[in-house]
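The values are calculated or read from the model by the stated rules, or taken from the named source; none is laboratory data. Keep in mind that this is a model prediction, so the values were computed, not measured. Cβ atoms come from the backbone with ideal geometry, glycine included; neighbour counts cover every protein chain shown. Calculation scope for accessible area: heavy atoms of the full protein, side chains included, ligands and nucleic acids excluded. Shrake-Rupley method; radii C 1.70, N 1.55, O 1.52, S 1.80 Å.
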Amino acid sequence: MKLNAKYLPLVATVSLFMAMATFGSVSYNGFFSAQVFLNLLIDNAFLVIVAVGMTFVILTGGIDLSVGSVVALSTMVLAALVEHHHWNLWLVIPLVLLMGTALGTFMGWLIQRFRLQPFIVTLAGMFLARGLCYVISIDSISITDETYTALAQMRISLWPGAAVSLSAMMAVVVLLLAMFVAQGTEFGRTVYAIGGNAQSAMLMGLPVARTTVMVYGLSGFCSALGGVVFTFYMLSGYGLHAVGLEMDAIAAVVIGGTLLSGGVGYVVGTLFGVLALGMIQTLIMFDGSLSSWWTRIVIGALLLVFCVLQRVFEVGKK
């Protein structure tokens, strides 16, 4: 049975992850264990959530460069309100999520209403959010709230010798919801249609304008939620948190098989893209003789390879 060409990028990503996992299991003692693989999700839960939002944006043929800065701004707002102003945690988190969603929606409205390039609008959003971090504080704000600390340290036992964090569970829930939205709702189908051909989608009567705005709002929401999860990981808010995270998210989405031109890709591919990035870092850590900078070098090489494969795939479709 011939494999549908649209699944090839996803198959390549899963195959890459399995190859790296096999190499690590054969080469390093203690690598092949459930907790090592669960740690990939625990350590990258915030990136999974941010990359899910980025997936929807790229599926429409757009880009969002503001995600890293929105993560940092979310950590700063949350830390400042909880620590300095002693607001209730369960009031602050919805407020932060609303802030991220509003910022993303506003950028989406600008892109749609004035036909502006997403690159420029989200670049402006990136500078705005990062600048607002330093308006709040130029220093790191530690989170010492007992409830927050307890949530950050919570571990959910799956079976003896294997446990996951609350952040990892949140990432899984977001991932499952995103898979349903992408494949099982009118919104998801419209996202794919816009990425395939926005003009054709409009002629078909699909809500292109509304969906475009909603996609950037969704990305803003995921970035803010990623910021909340990031505070579980760091227990602080800081203007320099998540510097370059937008590049990691884009790399994860592209390596996960989503075409930069839009219209083709799967949320589950993004998960494997994030896990592949985490696997590279884990392999280098287990090796012990390589500098951490090799992580960036390998990711850059992989990104180039997948970009070339995408181009070959696009040419093959024509």
Scanning region 118-138 for residues that are in contact (Cβ under 8 Å) with a residue 12 or more places away in the chain and within 14 Å of ALA72 (Cα to Cα) gives GLY125, MET126, PHE127, LEU128, ALA129, ARG130, LEU132, CYS133, TYR134, ILE136, SER137, ILE138
Do the conditions hold for LEU290, that is, is it without any contact (Cβ under 8 Å) to a residue 40 or more places away in the chain, under 30 Å from PHE31 (Cα atoms) and part of a loop (DSSP other than H, G, I, E, B)? yes
Kindly evaluate PHE232 against the criterion of being touching a strand residue (DSSP E or B) at 6+ places or on another chain (Cβ under 8 Å), assigned to a helix (DSSP H, G or I) and open to solvent by 10 Å² or more (accessible area, probe 1.4 Å). yes
Filter region 153-182 down to the residues that are surrounded by 13 or more Cβ atoms within 10 Å (Cβ to Cβ) and not hydrophobic (A, V, I, L, M, F, W, C) and list them by number. SER165, SER167
Could you run through region 265-295 and say how many residues are over 26 Å from MET126 (Cβ atoms) and β-branched (Val, Ile, Thr)? 3
Take THR258 and tell me if it is of a type in the set (Ser, Thr, Tyr) and outside any loop (DSSP other than H, G, I, E, B). no
Could you pull out the residue among LEU110, LEU103 that is aliphatic (A, V, I, L, M), under 18 Å from GLY68 (Cβ atoms) and at pLDDT 95 or above? LEU103
So SER261, is it surrounded by fewer than 20 Cβ atoms within 10 Å (Cβ to Cβ) and modelled with pLDDT under 95: yes
Name the helices (runs of 4 or more DSSP H) wholly within region 44-152 that hold at least 2 residues that are open to solvent by 60 Å² or more (accessible area, probe 1.4 Å) and under 23 Å from TYR216 (Cβ atoms)? 89-113, 118-136
Only unsatisfied item for THR212, checking (1) in a helix (DSSP H, G or I); (2) open to solvent by 10 Å² or more (accessible area, probe 1.4 Å); (3) closer than 27 Å to SER25 by Cβ, is (3)
Residues LEU218, LEU225: which one is within 19 Å of ASN44 (Cβ to Cβ), surrounded by 22 or more Cβ atoms within 10 Å (Cβ to Cβ), in contact (Cβ under 8 Å) with a residue 12 or more places away in the chain and not small (Gly, Ala, Ser)? LEU225
